[in-house]
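Undergrad: I'd like to ask some things about the structure below.
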Amino acid sequence: MENHLEGHRHCRVVESFIALMLVAALAGCGGIWNDPYPTSERGQNILYSAFTERPKHLDPAQSYSEDEAIFLAQIYEPPAQYHYLRRPYTLIPMTVETMPAPRFIDADGQPVAADAANVAFSLYDIRIKSGILYQPHPAFAREASGDYRYGDLKPVDLKNVYTLSDFKQTGTRELIAADYVYEIKRLASPRLNSPIFGLMSEHIAGLAELAKKLTAAEAKLAEMGEEDAWLDLSKYDLAGVEALDRYTFRIKIKGRYAQFVHWLAMSFFAPVPIEVDRFYAQKGMAARNLTLDWYPVGTGPYMLSENNPNARIVLERNPNYHGERYPEEGEPQDAQFGLLADAGKPIPFIDKVVFSREREGIPYWNKFLQGYYDSSSISSDNFDQAVRVAVGSDATVTPEIAAKGITLDTSIAASTRYLAFNWLDAVVGGSVDSARKLRQAISIAIDWEEYISIFSNGRGIAAQGPLPPGVFGYCDGEAGINRVVYDDVNGKPRRKPIEEARRLVAEAGYPGGRDAKTGEPLVLYLDTTSSGPDDKPTIDWFVKQFKKLDIQLEVRDTDYNRFQDKMRNGSAQIFRWGWNADYPDPENFLFLFHSSQRKVPLQGENAANYANPEFDRLFDQMKNMQNSPERQTLINRMVTILREDAPWSFGYHPKDYTLHHSWLANLKSNQMARNSMKYRKIDVVLREQRRNEWNRPVVWPLAFVALGLAAMVAPALRNYRRRERDTAGVP
Amino acid sequence: MISYFVRRVLYAIPILVGVNLFTFVLFFVVNTPDDMARAQLGNKRVTQEAIEQWKSARGYDKPLLYNDKAEGVARVTDTIFFEKSIRLFAFDFGHAEDGRDIGHEISMRMGPSLAIAVPVFGLGLYVAISLALMLVFFRATYLDFWGVVTCVAMMSISSLFYIIGGQYLISKLWQLVPISGFSANGIDAAKFLILPVFVGVISGIGASTRWYRAIFLEEINRDYVRTARAKGLSELAVLFRHVVRNAMIPILTGVVVVIPSLFLGSLLLESFFAIPGLGSYTIDAIRSEDFAIVRAMVFLGSVLYIIGLLLTDLSYTLVDPRVRLQ
């Protein structure tokens, strides 16, 4: 009897479960269940974005990566910035009153002309605007007596402090010239290991000497057992940088360095107040991650209010922001695309930016499609779903994506990918005719157009030289064709026939891919950092390109560390690499071929170890010139030399594809400006409406699954009940 | 019992030293201190001086294991291995190579890891034991046969398939829960946990159900089971009151040892569901060549594993009065 009742109970449970599912199905008709954000954020003026890699550094003296710039550029304000809409990229003031122009002096300190032969130093007098305030921060909080509220913290004061918001009192102060001077001194700090210290110490007078002084001071502190104690950099003079008054500071550059102004638009030159440095240096702060590397402090439109790089990073509007207005001019077509609709309006438009950590592409992409991210890049996996590329026309979004109102934004990155030949190698390197012809032949044989099509979904353009579009010196159309590798067909480049390449190989002394003297097959070695089975097609493709010339290619696959070792030792023969621009000036690409930058033995950035005295001479002439027809002429000559010498097989300039939802406005790709968040605008009502439309829960499958389970279990239950009854019936 | 406990704790010390040494050697076979410096300083414009300075500031300019320039004990103590390892034994994990406090990170990430691992473990155990008992109950019927076939099929499928399939069906097509994310606040947390917990439980059912079924089948033919049936107990009572209790020793062997390791989180689940736990912390550290974190996590893993083994031994005494630890 008991077992009988138990069986009924089971049936009731199943029935109840099904009923519950049906109720849930009905309940599911309203509201959305998959919103990953708190309900309190619905309808708010918040931009949602994602990041895949946690930022390593948020200290402006240390950060040198794109992933980090997306945060720092919204918080810090270096003296200059790039105009959001204007092209070519133009530097405009950020915190300075006017863009600084250098004055030149000789070794005795006497003014000289810009083109004088005896220029010893360039002086940049930089005057910042008055009245700019820092974001609210506890480092600035003061007692009624005027002392800093948190200037002398004891361990007991930090007992319940885990984040910056645990300090209840905040304050602010005006931005002054000394803050910029302090940050430039920080570049020399041995504690920070700023990545640009080496470069800047070559240019800023006294920076290398300051580094030695600071290293000695650090050593002294370490001897006293106080290696973590605060080192007040204001007590150490930096000969080349000084504050002239409250709002003016001077930077003294050795000789001429015309590209220096571009560095003034990077966060390395953002202001750091001494109070903040002292605040974070207090004992016990670093152990709680209370450092400038974790909680940046700036004057920009946004401030970091939450830093949990494991889950999310939140920027909020800086209540003390000095204000800026949306640009009133841009390129001719900008008005047509609605990019000037907000001209002259105060920015930023968005109150808060939430960056969520997404380690994997699938959830990131699907959340974008559900409307939970406002923009998304496109991975190769999702490319076909998102983009349609018709022959001879621009890429467009697929009908499915277009139906959601999503738009595609494309821009060519200020970047060049290439395959380089080591100039020190006996076979492919050097200026001898045979090696040059071999390099030219390989450059013709490697079909980069095919590479872009196969491995990058067409996202890129084949490079005609080292300079990408958007950088002064780049030539478009017929004038820009690399005539060593391409034929000019009706003003458009067409890769030379493979027979031409074979002829060059034969002239190089390898007819049919064999050494004419020894008869041995020509074997070349390609070093790559590919890893794993996913990269095999790429490697096979390169082997196939060399095979066209009957050259045997051996691929030496290593991890990135070993690859870099080979670069430093000059032991690679042919290798693949790339360069992303620091700033939009041809010097930033062409210096990669200057002999003073050779990796071997100078450990510079010229990884191909290319050396050509004529190129060096032209480069030295060109690097400090203003953009002008004369400069263009020099660049053309330099590019021609590079095409002839072919130290690189110029690969391609990648194209960035980004998708945006229809509710996001004022979007224009800017490869240089990372502080574009302040220009963006969201139609919050439209976003809410679309999210509600797209995310209605579908609950009928649950009921279906429940019924299926019940159907499976019911016979078993019946069987069980029968067995129990049978047992009870046995005498 | 106490002497047994003390002895096991003392045994743990050479094991931990060995694990630490092994990790150290493996790590530095692949990465040199120069590589570590470059990983932190970036790839552009980094000078050799900057690399030397970085190493010097963090003590990576010393010999790895043996300092032949030092005198006496310092030959062993003035090395990277000794200086970086000794503090671990006091559970002072120090700072990551980017300067961040590892202990703080671990404490922050332990919660999210446990929020996934504990329900997956608990529910998984409950479901697997229940299903195994059901299969044993219906042994030699179609339900048992197809149940075992299903288990074998389920255990043959990669856990990645369950994750992607779960996200596709439940989050993308049916839109019932967020596809990824995490919240530490009550109800909000639940909506993020449902899917990863469900996927975690489902992906583990096949293997564990088969395992428990095998254990229970071994027990079901014992004399005491026959006696219980002879007494007139229902089959359910026999299974739940007698068989489960007597199968506890093999169950505990597999289960208790895992409990402390739950703190370490799940690598795949955390990665795909954007759970900010310890599993993803370890993966990030390996990717960024952060030896300090790798060392700390391996050490923590070893300690937890040793604790797990010890707890397993102790738990035997609780479920089987015949077991004595000496």
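Undergrad: Specify the inter-centroid distance of region B:85-124 and region B:9-69, based on alpha-carbon positions, in whole Å.
TA: 21
Undergrad: Something else about it: Tell me which of A:Val432, A:Ala390, A:Ser63 sits at the most positive position along the dipole axis of chain A, charges placed on C-beta atoms (Lys, Arg +1; Asp, Glu -1).
TA: Positive-end residue among those listed: A:Ala390.
Undergrad: Could you give each residue of region A:478-489 its phi-based ³J(HN,Hα) in whole Hz, using Karplus coefficients 6.51, -1.76, 1.60 with θ = phi - 60°, and x for Gly or Pro?
TA: For region A:478-489, the Karplus curve yields 4, 5, x, 6, 7, 6, 7, 9, 10, 9, 8, 10 Hz.
Undergrad: Taking the alpha-carbon distance from A:Lys254 and a cut-off under 19 Å, which lysines remain once sequence neighbours fewer than 8 residues away in the same chain are dropped?
TA: A:Lys185, A:Lys212, A:Lys623
Undergrad: Under the 0.36 nm per residue contour assumption, what length would be gained going from the current alpha-carbon distance of A:Ser571 and A:Val523 to full extension? List each step's numbers first, then the result.
TA: Details: separation 48, 0.36 × 48 = 17.28 nm, distance 1.56 nm.
Full-extension gain reported as 15.7 nm.
Undergrad: Return the long-range amide H neighbours of A:Val387 (sequence gap of 5 or more, or a different chain), with a cut-off of under 5 Å between placed amide H atoms.
TA: The answer is A:Thr398.
Undergrad: Quick one: helix B:186-220 against the long Cα principal axis of chain B, what's the angle to the nearest 10°, folded into 0 to 90?
TA: The answer is roughly 60 degrees.
Undergrad: Something else now. Please work out how much length the chain gains when fully extended from A:Ile92 to A:Glu449, using 0.36 nm per residue of separation minus the C-alpha to C-alpha distance, in nm with one decimal. If you can, show how the numbers build up before the last one.
TA: On the way: separation 357, 0.36 × 357 = 128.52 nm, distance 3.67 nm.
Residue separation times 0.36 nm, minus the Cα-Cα distance, leaves 124.8 nm.
Undergrad: I've got another one for you. Among B:Gly301, B:Ser159, B:Ala96, whose Cα lies farthest out toward the positive end of the dipole of chain B, if unit charges sit on the beta carbon of Lys, Arg (+1) and Asp, Glu (-1)?
TA: The Cα lying farthest towards the positive end belongs to B:Ser159.
Undergrad: Around B:Val298, under 14 Å between beta carbons, what's the net of Lys plus Arg minus Asp minus Glu among the other residues? Before the final figure, lay out each step's value.
TA: Working: positive: B:Lys84, B:Arg295; negative: B:Asp290.
Residues near B:Val298 contribute +1 overall.
Undergrad: Still on this structure, please answer the following. Which ³J(HN,Hα) values, rounded to whole Hz and listed in residue order, are derived for region A:459-476 from phi using the Karplus coefficients 6.51, -1.76 and 1.60 in 6.51 cos²θ - 1.76 cosθ + 1.60 with θ = phi - 60°, glycine and proline given as x?
TA: Result, rounded to whole Hz: 8, x, 10, 5, 7, 9, x, x, 8, x, x, x, 9, 3, x, 6, 10, 9.
Undergrad: Taking just the C-alpha trace of region A:468-521, give me its Rg and Dmax in Å.
TA: My reading of the Cα-based Rg and Dmax gives 16.2, 48 Å.
Undergrad: Here's something else I'd like to know. With all distinct Cα pairs included, what does the Kirkwood hydrodynamic radius of chain B come out to in Å, to one decimal, could you say?
TA: Numbers: mean 1/r = 0.0432 Å⁻¹.
Final number for the Kirkwood radius of chain B is 23.1 Å.
Undergrad: Between region A:355-374 and region A:227-276, what's the alpha-carbon centroid distance in Å?
TA: Computed from Cα coordinates, the inter-centre distance equals 40 Å.
Undergrad: Under a plain spin-label model, where a point goes 7 Å from the Cα along Cα-to-Cβ, how far apart in nm are A:Arg503 and A:Ile461?
TA: The two pseudo-label positions are separated by 2.9 nm.
Undergrad: Still on this model: Take the Cα of A:Ala114, step 7 Å along the line toward its Cβ, and report every residue of region A:599-623 whose backbone nitrogen sits under 15 Å from that point.
TA: Backbone N within reach: A:622-623.
Undergrad: Summing Lys, Arg as +1 and Asp, Glu as -1, what charge do residues with Cβ under 10 Å from the Cβ of A:Trp448 carry, A:Trp448 excluded?
TA: Details: positive: A:Arg417, A:Arg495; negative: A:Asp447, A:Glu449, A:Glu450.
Neighbourhood net charge equals -1.
Undergrad: What is the angle, in °, between the Cα long axis of helix B:2-30 and the longest principal axis of the Cα atoms in chain B? Nearest 10 is fine, range 0 to 90.
TA: Approximately 60 degrees, to the nearest 10.
Undergrad: Roughly how many debye, to the nearest 20, is the charge dipole of chain A about its Cα centre, given +1 on each Lys and Arg Cβ, -1 on each Asp and Glu Cβ, and no other charges?
TA: Computed about the Cα centre, the dipole is about 1260 debye.
Undergrad: Give me the distance in nm between label points sitting 7 Å out from Cα along the Cα-to-Cβ direction at A:Asn636 and B:Arg139, one decimal.
TA: 9.1
Undergrad: Quick query: amide H of B:His95 versus all other amide H atoms, modeled in the peptide plane; which residues come in under 5 Å with a sequence gap of 5 or more or a different chain?
TA: So B:His95 has HN proximity to B:Ile102.
Undergrad: So who's got an amide H within less than 5 Å of the one on A:Val241, skipping anything under 5 residues away but keeping other chains? H placed 1.01 Å off N, in plane.
TA: Under 5 Å from the amide H of A:Val241: A:Lys252.
Undergrad: For chain B, what is the calculated [θ] at 222 nm in deg cm²/dmol (nearest 500), taking -39500 (n - 2.57) for each run of four or more DSSP H residues and dividing by its residue count?
TA: My calculation for chain B gives -21500 deg cm²/dmol from helical runs alone.
Undergrad: Post the alpha-carbon centroid distance, region B:238-257 to region A:38-61, in whole angstrom.
TA: Between the Cα centre of region B:238-257 and that of region A:38-61, the gap is 48 Å.
Undergrad: Still on this model: Rounded to the nearest whole Å³, what is the per residue volume of the convex hull around the Cα atoms of region B:1-137?
TA: 207
Undergrad: Per residue of A:348-359, what is the mean number of Cβ atoms on other protein chains within 10 angstrom of that residue's Cβ? Working shown, then result.
TA: Values: counts 0, 0, 0, 0, 0, 0, 0, 0, 4, 7, 6, 11.
Across the residues of A:348-359, the mean count of other-chain Cβ atoms within 10 Å is 2.
Undergrad: Taking the beta-carbon count within 10 Å as an exposure proxy, list A:Val353, B:Val6 from fewest neighbours to most. The partial results should precede the final answer.
TA: Values: A:Val353 23, B:Val6 10.
Ordered from fewest to most neighbouring Cβ atoms within 10 Å, A:Val353, B:Val6 come out as B:Val6, A:Val353.
Undergrad: Hey, what number do you get for chain A at 222 nm if only DSSP H runs of n ≥ 4 count, each worth -39500 (n - 2.57), divided across all residues, to the nearest 500?
TA: Computed ellipticity for chain A at 222 nm equals -9500 deg cm²/dmol.
Undergrad: Kindly flag which residue pairs out of A:Lys492/A:Lys548; A:Lys159/A:Lys283; A:Lys496/A:Lys548; A:Lys566/B:Lys44; A:Lys352/A:Lys678 have an alpha-carbon separation exceeding 20 Å in this structure.
TA: Details: A:Lys492/A:Lys548 24 Å; A:Lys159/A:Lys283 12 Å; A:Lys496/A:Lys548 13 Å; A:Lys566/B:Lys44 16 Å; A:Lys352/A:Lys678 10 Å.
Among A:Lys492/A:Lys548; A:Lys159/A:Lys283; A:Lys496/A:Lys548; A:Lys566/B:Lys44; A:Lys352/A:Lys678, the Cα-Cα distance tops 20 Å for A:Lys492/A:Lys548.
Undergrad: Still on this model: So how do A:Tyr583, A:Tyr364 line up by other beta-carbon neighbours within 10 Å, fewest first?
TA: Working: A:Tyr583 20, A:Tyr364 24.
Starting with the residue having the fewest Cβ neighbours, the order is A:Tyr583, A:Tyr364.
Undergrad: Where Lys and Arg each count +1 and Asp and Glu each count -1, what net charge lies around A:Arg149 among other residues with Cβ under 10 Å from its Cβ? Write down the numbers at each step before the final one.
TA: Details: positive: A:Arg142, A:Lys168; negative: A:Glu143, A:Asp147, A:Asp152.
Once positives and negatives cancel, what remains is -1.
Undergrad: Ok, one more. Relative to the Cα centre, what is the charge dipole magnitude of region A:614-724, using +1 at the beta carbon of each Lys and Arg, -1 at the beta carbon of each Asp and Glu, and rounding to the nearest 20 debye? Please report the intermediate quantities before stating the final value.
TA: Details: 19 positive and 11 negative charges, 210 e Å.
Its charge dipole is roughly 1000 debye.
Undergrad: Same structure again: For chain A, what does the alpha-carbon gyration tensor say about shape, rounded, prolate or oblate, given a ≥ b ≥ c as the root eigenvalues, a/c under 1.5 as rounded, and a/b over b/c as prolate? Write out the running numbers ahead of the final one.
TA: Details: a/c = 1.91, a/b = 1.22, b/c = 1.57.
The shape class here is oblate.
Undergrad: Within 10 Å of each Cβ in peptide B:44-53, how many partner chain Cβ atoms are there on average? Round it to a whole number, please. Spell out each step's value before the answer.
TA: Details: counts 9, 11, 8, 7, 3, 8, 7, 1, 0, 8.
Across B:44-53, the average partner-chain Cβ count within 10 Å equals 6.
Undergrad: Another one. Which of B:Tyr126, B:Val243, B:Ser107 sits closest to the plus end of the dipole of chain B, meaning its Cα is farthest towards the positive end, when Lys and Arg get +1 and Asp and Glu get -1 on the C-beta?
TA: The one lying farthest along the dipole's positive direction is B:Val243.
Undergrad: Would you calculate the separation in nanometres between label points at B:Ala189 and A:Leu707, each defined as 7 Å from the Cα along the Cα-to-beta-carbon direction?
TA: Rounded to a tenth, the inter-label distance reads 3.7 nm.
Undergrad: Something else now. Report, as an integer, the average count of C-beta atoms from other chains found within 10 Å of each Cβ along B:30-43.
TA: Details: counts 3, 2, 3, 0, 4, 6, 1, 1, 3, 3, 5, 7, 9, 5.
Whole-number average of other-chain Cβ neighbours for B:30-43 is 4.
Undergrad: Another one. Hey, what do the phi angles of region B:107-120 turn into as Karplus ³J(HN,Hα) couplings, whole Hz, using 6.51/-1.76/1.60 and θ = phi - 60°, x for Gly and Pro?
TA: In residue order, the calculated couplings are 5, 6, 8, 5, x, x, 4, 5, 4, 8, 5, 5, x, 4 Hz.
Undergrad: Most exposed first by the Cβ proxy, i.e. fewest other Cβ within 10 Å, how do A:Asp59, A:Asp550, A:Asp540, A:Asp582 rank? The partial results should precede the final answer.
TA: Details: A:Asp59 23, A:Asp550 15, A:Asp540 11, A:Asp582 20.
Ascending number of Cβ neighbours within 10 Å: A:Asp540, A:Asp550, A:Asp582, A:Asp59.
Undergrad: Further question: Determine, from the Cβ-Cβ distance of A:Glu478 and A:Leu221 and an R0 of 51 Å, the FRET efficiency 1/(1 + (r/R0)^6), rounded to the nearest 0.05.
TA: Between A:Glu478 and A:Leu221 the formula returns 0.20.
Undergrad: Taking 0.36 nm per residue of sequence separation and subtracting the Cα-Cα distance, how much length would be gained by fully extending the chain between A:Arg325 and A:Asn627, in nm to one decimal? Present the calculation step by step, with values, prior to reporting the outcome.
TA: On the way: separation 302, 0.36 × 302 = 108.72 nm, distance 2.82 nm.
Length gained between A:Arg325 and A:Asn627: 105.9 nm.
Coordinate-derived values only; no laboratory data. Just so it is clear, the model here is predicted, and its values are computed rather than measured. Neighbour counts are summed over all protein chains in view; Cβ atoms, including those assigned to glycine, are modelled from backbone coordinates with ideal geometry.
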